[in-house]
């Protein structure tokens, strides 16, 4: 009854234990409670709790090592996130600064337009109003793009924390491949 698994670093102990338990449960062999208690449980190895083939495990461990080399602790990861957000936030600040400049330029145009309330608006004023409207539309698109980029950066770094964050607490190598969040799925 000495079942062994080739390549099992525990000498087949896990398989023997599982096989014995399965046979007992199936009623094929009768074992006393004392004998079951004496059977050693499977040893806790440094393998992840999910099944990975050797290539997947090696790749996962390589990715984890790269991540931990780049971000040895969560604080370093948060600093990198802030550094990634900084240029986008500066773009938003510049966008709002330009918005207030455009709003200030628009006020006299709106006053001039009020003069022509019941009359046709001159072509020169219509052109300036259309130009101003186009600048506001362009600026709005730019600010929305910055808003989306901020969301993408936040989501990317949060996904990394969800995927690799347990490694900072000392999780087993290769464990990030198990129970990956939806954002990390290929």
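For region 151-175, a tally of residues being more than 10 Å from the chain's Cα centre (by Cα) and either part of a loop (DSSP other than H, G, I, E, B) or farther than 19 Å from residue 75 by Cα (or both) returns 8. In this entry, residue 166 is excluded by the filter for residues that are at pLDDT 95 or above and out of contact with any strand residue (DSSP E or B) (no Cβ under 6 Å at 6 or more places or on another chain).
Please state which one of 116, 96 is at pLDDT below 95, in the same structural domain as residue 167 (by TED's automatic domain parsing), touching a helix residue (DSSP H, G or I) at 6+ places or on another chain (Cβ under 8 Å) and farther than 30 Å from residue 164 by Cβ.
On the way: 96 fails: at pLDDT below 95.
Of 116, 96, the one residue that is at pLDDT below 95, in the same structural domain as residue 167 (by TED's automatic domain parsing), touching a helix residue (DSSP H, G or I) at 6+ places or on another chain (Cβ under 8 Å) and farther than 30 Å from residue 164 by Cβ is 116.
The values are calculated or read from the model by the stated rules, or taken from the named source; none is laboratory data. Small disclaimer: the values here were computed from a predicted structure and weren't measured. Positions of Cβ are generated from backbone atoms using ideal geometry, with glycine treated the same way; all protein chains shown enter the neighbour counts.
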